[in-house]
Every structure is written in C-alpha cells, then in structure tokens.
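Any read-out appearing in this document is the output of simple, stated calculations on the displayed coordinates, not a laboratory observation. Everything quoted here is computed from the prediction, not taken from an experiment. For neighbour counting, all protein chains shown are included, and Cβ atoms are generated from backbone atoms with ideal geometry for every residue, glycine included.
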C-alpha cells in the first residue's frame, strides 16, 4: 500500500468516507463508510495530517469524475454539479473513458464564463473549477498536462476554456519553479482562468475560422479585452488587486523591458501569464494554423534578447521540460512516440513509443525512458508528422504502471 497525503477539502462532497484514512505512520485513523457528518470525524480530518491508499483514492476520483461528467452532459446546474458524489463502482467502470474528467473541467469553466454578468455568480463558479482542478491534479499533473497539450494540438473547439486551463496548469508549475508563495500561485491560477473573459465568445469563433476577417470593431474588442476582463471582475465583486492587475496587463509587452526585481506582485503575475499564454498558443491548433513543436514554441517564447532563456523562460523549460507531456518526439533509437510524463531532467521525458525504427506501428505502446543510452530525444515532431494516433486506453495502462 502506498499512502498519499490528502486535504480534507477533497471529501466535502461526500456524506461518508469513501476509503480508509491513515496518519503519516500508516496507523488507521478512520474506517471507510464512517459518516462525515459526525463531529469527531470532522475534527479528526481537520486537525490531523490525513493519508489514504493511492489506489483507493484513484478509484474514488474516477467514480466522482464519471458522475460529474454525466451531470455536465445532462446540462445540470453548477450548483448540482458542485454537490456531485462518486458513482457506485460498477456504474463508474462502465461509463469512464480516458480524458473524460479533464474535458468535464473544460465544460464547467465554459459554462461559468458564459454567464459573466455582475448579477450572476460566475466568479464563484470559476473558483469551484479551480478547486476541482487542484484536487484532480494533486497527484496527476502529468496526466492533466498530457490531455490539454495533446488535445490542444488536435482541435480548436472550446479554444478559450482549453487555453485557460492549459495556462493555469503550466503557469502554476512555472511559479512553483520560481519559488513563488502559495498565495500568489492561487491568484495566478485565477487570473489564468479569467484572463480572456472579455472576449471568450470571440476567441472561440476566431479559433474555428480558417481565414478570419477582422473588421475595426473586432480589432477594437481584441485590443481592449484585457481591460474589459479586469472591469468585469471588478463589477462582479473581485477585490483582489493582483488578480485584477494580472488580467489587465497579461498582454502588456512593456513589462518585458522592466527589471524583474522592480515589478509589483501583480505585474509579475501578468508577465508570467503573458509568457505562458504565448507558449501555450503556439503549441495549440487553430483552424487556420497548425501547432508548432514544443521546441519551436520554446524558441519563440522562452528566450531573452541575447538568445538565451531568461528567468521566466528558463523556469518554464525546467518546470515543463523541453518536451512536455502530450507532444510527439523521435528517439535516437529511430522510434517515434508521445511524451507520457516529465522525467528527472528537462530533456529526459518518459515516452510511449508508438512506431518502430522501420516506420511500423507497434501493436501496443512501449514505455521508453529517454534518459537511457540510445533512447535520448532526437527531435520534437508536429502531430502531422506522426502516422498513427495513440490509443488512450493503452496509454492509461502505461500511466498506471508508472504509478505502481
């Protein structure tokens, strides 16, 4: 049994404990099925460091996500979705598909941003999305990155919400690499989720146009969307100045020329968000533009005037890797594969080989550690350079093997 640390907030949607809870030494604190309405149980969860078996937690998460996805597809309100409880095991096993939980987050965020009027509780719904993302990615960040990078390179539907979630995850990882305070990272994530609220509908439409024609009105809307987004947040009761400033200035190129040490907290959030937004846009597809490879995107968004990675660029490459999960690569062995997870070093990801050195598709993907001799990454590839589509269930099996 491998124990992982949990926050009590993970269990707020449940009436009873979905699994046994232990302390850091592996001593049983609470039995599964114990009522979460009991005062002693709640006190124990809040005052003791709590741990649970990783497999039990993973099973519960899968069942909870299956229930959330079913409610989203049924057009239930966010209030109902927020109170969702895990499906019974048998029902969840029948309905769960790889990637469902990550796409459910896209739909939740899209629904929240779709009603961004002051009289609507859209900001609270965005915060609910943030909390759910944090819960799901606590032990599965590489899986989340894989989904949003891989799917972002394949299609442009719901572009705005996909981009927001991509930026939230990557910006958070970069900020942790930079040693930012946890409170600042929380605000950064919120800014990422709301940075394009001023033009969400327009952004989604433009992403699906092969050759968008921009009239003066559209250009003006694009030019002022950062200010419009900041004003929408203010009008809806957001009183966090760094959040507002990050949204207002997330496209401000002038921040690049200012000394990093002299930037205010809000400006640093905006600068990091600007750089991550650019990187994520370049690795993502739009109807009229194919995605760049990860190396091409890094070259255009991580380098300073001297041609070397600057402070933020270096942190991005170290946190995400030269080849992030979800992108395609060719190995020194001649095999072609897709990055499954980050490795110990930025240039040594874990790769699922899909095509052998003779160009033949493999029956099942094979796990390759690019840190090993003869398996180093030779080149980053665009999706259209890879002749096969990976099997998501097969990749999930590889990912589960990595966790065990």
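Taking only the alpha carbons of segment 97-320, what extent do you get along each of the three principal axes, in Å, biggest first?
Computed over the Cα atoms, the extents are 45, 44, 37 Å.
Based on the Cα gyration tensor of segment 319-364, what are the three equivalent ellipsoid semi-axes, each the root of five times an eigenvalue, rounded to whole Å and given largest first?
Working from the Cα gyration tensor, I get semi-axes of 20, 10, 7 Å.
With a/c under 1.5 counting as rounded, go ahead and sort segment 204-267 into rounded, prolate or oblate using the C-alpha gyration tensor (a ≥ b ≥ c being the square roots of the eigenvalues; past the cut-off, prolate if a/b is larger than b/c, else oblate).
In terms of gyration-tensor shape, oblate.
Run the helix sum for the chain: -39,500 (n - 2.57) per DSSP H stretch of 4+ residues, divided by residue count, reported at 222 nm to the nearest 500 deg cm²/dmol.
Roughly -15500 deg cm²/dmol at 222 nm, from the helical runs in the chain.
Determine, for each peptide in 147-159, 220-232, 320-332, the mean count of other beta carbons within 10 angstrom over its residues, then list the peptides with the highest first.
Ranked from most to least packed, the peptides come out as 320-332, 147-159, 220-232.
If you take the square roots of the eigenvalues of the alpha-carbon gyration tensor of segment 121-179 and sort them as a ≥ b ≥ c, do you get rounded (a/c under 1.5), prolate (a/b over b/c) or oblate?
oblate
How large are Rg and Dmax for segment 3-52 when only the alpha carbon atoms are used, in Å?
9.6, 27
Per the Kirkwood formula on distinct C-alpha pairs, the Rh of segment 104-210 is how many angstrom?
14.2 Å
Show me 52-62, 208-218 ranked by packing, highest mean number of other Cβ atoms within 10 Å first. Show your work: numbers first, answer last.
Numbers: 52-62: 17.9, 208-218: 10.2.
Output ranking for 52-62, 208-218: 52-62, 208-218.
Stretch residue 223-residue 208 to full length: gain in nm at 0.36 nm per residue minus the Cα-Cα span? Please report the intermediate quantities before stating the final value.
On the way: separation 15, 0.36 × 15 = 5.40 nm, distance 1.97 nm.
Fully extending the segment from residue 223 to residue 208 adds 3.4 nm.
What is the packing order of peptides 2-8, 130-136, taking the mean over residues of other C-beta atoms within 10 Å and listing the highest first?
Final packing ranking: 130-136, 2-8.
Report P(r) for the chain: all Cα-Cα distances, bin width 20 Å, range 0 to the bin holding the largest distance, values in whole percent.
All Cα pairs, binned at 20 Å, distribute as 25, 58, 17, 0 percent.
For residue 391 paired with residue 34, estimate the spin-label separation in nm (one decimal), with each label point 7 Å from Cα along the Cα-to-Cβ line.
About 4.2 nm, to one decimal.
Let me see the pair-distance distribution of segment 328-403: every alpha carbon pair, 10 Å bin width, integer percents in order.
The calculated distribution, bin by bin, is 21, 57, 22, 0.
Any chance you could list the semi-axes, whole Å, largest first, of the equivalent ellipsoid that the Cα gyration tensor gives for segment 282-339, using √(5λ)?
21, 16, 10
For residue 358 and residue 254, calculate 0.36 nm times their separation in residues minus their Cα-Cα distance, and state this gained length in nm to one decimal.
Residue separation times 0.36 nm, minus the Cα-Cα distance, leaves 32.5 nm.
Using only the Cα atoms of segment 251-404, build the gyration tensor, take square roots of its eigenvalues as a ≥ b ≥ c, and label the shape rounded, prolate or oblate: rounded if a/c is under 1.5, else prolate if a/b is larger than b/c, else oblate.
Because a/c hits 1.5 or more and a/b exceeds b/c, segment 251-404 counts as prolate.
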